[in-house]
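> Please read through the structure below; I'll follow up with questions.
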Amino acid sequence: MSDVGEHAFIDLAGITKRYAGVTALDGVDFTVQPGEAVCLAGENGSGKSTLIKIISGVEKLTEGRIRIGGKDRPVLNPRISAAAGVMVIFQDFSLFPNLSVYENIAFATQLSAHRRLYERDKAREIAREALDRIGVKIDLDVRVESLPVAHKQLVAICRALASQAKLIIMDEPTTALTEKEVRRLLGIIRRLKEDGVAVIFVSHKLAEVLEVSEKVVVLRNGKKVAEGPASEFDTQSLAYHMTGREMPETPPSAVPAGAKTLMRVDNLAKQGSFADINFELNAGEVLGITGLLGSGRTSLAKALFGLVAPDRGSIQVDGRDVATGDPIAACYAGIGYVPEDRLTEGLFLSQSIVRNVAIGRLDKHSGSGGFLKASAMIEEAAGWLKRLKVKAPDIDAPVQSLSGGNQQRVVLARWLSRAPRVLILNGPSVGVDVGSKADIHSIIRDLSAEGIGVIVISDDLPELLATSHRILVMRDGRVTDEVAGNSVTEEELAHRLAS
């Protein structure tokens, strides 16, 4: 046994997991030292989630050896794993929304102590100590459902610490956080590491986790393909190891001189959301709109598509007024909208892939007697799925069976089948892996080259810089700045957002 393995808190050797003949993990070795932060990277389907489930005892391995805390674990389940100090913080945080902060933090500790009666004062003391340990102040008595996302995450971290966590696994820890909140979280992680608590990050936002990680492990198709100090990796090299291909971000081609104005927005306002929004969008232009959480960017996106009715102002497409607050009118005017939350707003998850694409053009595929022409639906949908490189074993499979990146392309295919003049993309790469993200950026550039006006609404600054000709910065519901995409760095844009 290696010296590294002897002193590791987590020491996995030759981990293999098969599901009905499909190999999800193939001979993976993985170690985590006390106080070490490890970035576990890989595309969707690479085996990251399976590895985390094995460490936390949710899944049983097919072959291999597991040691946690210096002890062999031939039998492992969630209770044993948690007792050994392994805690997982999922994207939804798995908190009790109707309970208070202190009850959420201390609940598991009180339960594991096997006390006959719940001790309120003891629970408050446990919660206060956990909050003090990471140096944050949150009202102990407030209900968790009323907290902002960043505070919910801190409550989840404190719950893990109250349960004597020695390893905290964070699944996409920065997805819903603002830049300021991410900075704060990374500071807390450094504080935990100084206390000897190890951390595993599973994240698509690679630049952020590289900043605080000592080691990077990359999985691809169930195998470990790269491992080394975080200092030896950058986002480009990580992307290469994760996908097996180079993915340079080429800037968008220039908007042709004299390009026609597609969309004009004048004095658009919605009380409590945004005010005095004015801009023009030209044919073939990609306009980025960014702002911190609460800046009004999402309300504006929905207002442009008619999902939010503004109090005043006007929207024109091709010189014609578009009725505001009316998504059907927006559709007929040639406006398309891909929402940020594709799972609840963008897809019919239980329906087939082909139906999710074809629903955008049911009028075109309607035959005599009101019946749909199935062959025409399938032919058109298959064409768009091929063009957008959707990886699907069967177009009749439910869309929920696809990865996040492929689901996003299905939503894009639905709107592109309507030949929109203006396409609004709200968080186009949220929750997708690095390979799909690069492909989506390439699709945006292709749409721009075809003369479609694209509006990209995102807080992902590298994404905006890779796709946008112009970028509008929003704060407190107003546009506070406008920059050319090729004339600003990521650091300068972040400064404009925060200032």
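The values are calculated or read from the model by the stated rules, or taken from the named source; none is laboratory data. All figures in this text were calculated on a predicted structure; none of them were measured in a lab. FYI the Cβ positions are ideal-geometry reconstructions off the backbone, even for glycines, and counts take in every protein chain you see.
> Output the number of the condition that V209 fails; it satisfies all remaining conditions of (1) touching a Pro at 6+ places or on another chain (Cβ under 9 Å); (2) surrounded by fewer than 24 Cβ atoms within 10 Å (Cβ to Cβ).
With respect to (1) touching a Pro at 6+ places or on another chain (Cβ under 9 Å); (2) surrounded by fewer than 24 Cβ atoms within 10 Å (Cβ to Cβ), V209 is out only on (2).
> For region 344-354, indicate whether the set of residues that are surrounded by fewer than 22 Cβ atoms within 10 Å (Cβ to Cβ), at pLDDT 80 or above and among the β-branched types (V, I, T) is non-empty.
no
> A further question on this structure: Assess whether K17 counts as being crowded, with 18+ Cβ neighbours inside 10 Å, among the basic types (K, R), in the same structural domain as V218 (by TED's automatic domain parsing) and not in a helix (DSSP H, G or I).
Working: crowded, with 18+ Cβ neighbours inside 10 Å: yes; among the basic types (K, R): yes; in the same structural domain as V218 (by TED's automatic domain parsing): yes; not in a helix (DSSP H, G or I): yes.
Yes, satisfied.
> Would you point out the residue of region 300-323, among those that are β-branched (V, I, T) and over 30 Å from the mean Cα position of the chain (by Cα), that is surrounded by the fewest Cβ atoms within 10 Å (Cβ to Cβ)?
For region 300-323, the residue satisfying everything is V317.
> If a residue must be closer than 25 Å to S442 by Cα and either out of contact with any helix residue (DSSP H, G or I) (no Cβ under 8 Å at 6 or more places or on another chain) or of a type in the set (D, E, K, R) (or both), how many such residues does region 470-488 contain? Even if it seems obvious, please write down each step before you answer.
Our first condition is that a residue be closer than 25 Å to S442 by Cα; within region 470-488, this holds for 470-473, 482-488.
Narrowing the set further to residues that are either out of contact with any helix residue (DSSP H, G or I) (no Cβ under 8 Å at 6 or more places or on another chain) or of a type in the set (D, E, K, R) (or both) leaves 470, 472, 482, 484, 486-487.
Adding up the residues that qualify gives 6.
> Between a residue in region 427-443 that is basic (K, R) and any residue that is assigned to a helix (DSSP H, G or I) and crowded, with 21+ Cβ neighbours inside 10 Å, which pairs come within a Cβ distance under 9 Å, given they are 6 or more apart or on different chains?
Within 9 Å, the pairs are K437/A239; K437/G405; K437/E463.
> Taking the residues in region 164-192 that are farther than 27 Å from E43 by Cβ and in contact with a helix residue (DSSP H, G or I) (Cβ under 8 Å, 6 or more places away or on another chain) as candidates, determine which candidate is modelled with the lowest pLDDT.
K180
> Assuming E285 fulfils every condition listed in (1) within 21 Å of T480 (Cβ to Cβ); (2) of a type outside the set (G, A, S); (3) surrounded by fewer than 21 Cβ atoms within 10 Å (Cβ to Cβ) apart from one, which condition is it?
Result: E285 fails condition (3) only.
> Mind counting the residues in region 170-192 that are surrounded by fewer than 19 Cβ atoms within 10 Å (Cβ to Cβ), assigned to a helix (DSSP H, G or I) and either in contact with a strand residue (DSSP E or B) (Cβ under 6 Å, 6 or more places away or on another chain) or acidic (D, E) (or both)?
Residues flagged as surrounded by fewer than 19 Cβ atoms within 10 Å (Cβ to Cβ), assigned to a helix (DSSP H, G or I) and either in contact with a strand residue (DSSP E or B) (Cβ under 6 Å, 6 or more places away or on another chain) or acidic (D, E) (or both) within region 170-192 amount to 1.
> Now for a different question. Does R421 satisfy the condition of being over 25 Å from E43 (Cα atoms) and at pLDDT 80 or above?
Here the answer is yes, as R421 does meet what is asked.
> Now a separate question. Within region 15-24, identify whether any single residue is aromatic (F, W, Y) and touching a residue at least 60 places away in the same chain (Cβ under 8 Å), and answer yes or no.
No - not one qualifying residue is present in region 15-24.
> Next question. Look through V32, V88 and report the one residue that is modelled with pLDDT of 95 or more and buried (at least 22 other Cβ atoms within 10 Å of the Cβ).
V32
> Can you name every residue in region 466-480 that is of a type outside the set (K, R) and either buried (at least 21 other Cβ atoms within 10 Å of the Cβ) or touching a residue at least 40 places away in the same chain (Cβ under 8 Å) (or both)?
Those that are of a type outside the set (K, R) and either buried (at least 21 other Cβ atoms within 10 Å of the Cβ) or touching a residue at least 40 places away in the same chain (Cβ under 8 Å) (or both): A466, T467, S468, H469, I471, L472, V473, M474, D476, G477, V479.
> Also: If a residue has to be of a type in the set (S, T, N, Q) and either touching an Asp or Glu at 6+ places or on another chain (Cβ under 8 Å) or assigned to a helix (DSSP H, G or I) (or both) to count, how many in region 47-61 make the cut? Spell out the reasoning first.
Within region 47-61, the subset of a type in the set (S, T, N, Q) is 49-50, 56.
Then keep just the ones that are either touching an Asp or Glu at 6+ places or on another chain (Cβ under 8 Å) or assigned to a helix (DSSP H, G or I) (or both); that gives 49-50.
Number of matching residues: 2.
> Only one of these conditions is not met by V144: (1) without any contact (Cβ under 8 Å) to a residue 12 or more places away in the chain; (2) β-branched (V, I, T); (3) in contact with a Phe, Trp or Tyr (Cβ under 8 Å, 6 or more places away or on another chain). Which number is it?
With respect to (1) without any contact (Cβ under 8 Å) to a residue 12 or more places away in the chain; (2) β-branched (V, I, T); (3) in contact with a Phe, Trp or Tyr (Cβ under 8 Å, 6 or more places away or on another chain), V144 is out only on (1).
> Next up: Please work out if I424 is touching a residue at least 12 places away in the same chain (Cβ under 8 Å) and more than 26 Å from G294 (Cβ to Cβ).
Spelling it out, it is not the case that I424 is touching a residue at least 12 places away in the same chain (Cβ under 8 Å) and more than 26 Å from G294 (Cβ to Cβ).
> Of everything in region 415-465, what is assigned to a helix (DSSP H, G or I), in contact with a Pro (Cβ under 6 Å, 6 or more places away or on another chain) and more than 17 Å from L206 (Cβ to Cβ)? Give them in sequence order.
R445, S448
> Only one of these is outside the structural domain of G187 (by TED's automatic domain parsing), farther than 19 Å from S458 by Cα and among the small types (G, A, S): G258, G288. Name it. Full working, then the answer.
On the way: G288 fails: farther than 19 Å from S458 by Cα.
So the residue among G258, G288 that is outside the structural domain of G187 (by TED's automatic domain parsing), farther than 19 Å from S458 by Cα and among the small types (G, A, S) is G258.
> Another question, if that's okay. Restricting attention to helices (runs of 4 or more DSSP H) lying wholly within region 62-154, give those where 1 or more residues are in contact with a helix residue (DSSP H, G or I) (Cβ under 6 Å, 6 or more places away or on another chain).
In region 62-154, the matching helices (runs of 4 or more DSSP H) lie at 101-112, 120-134.
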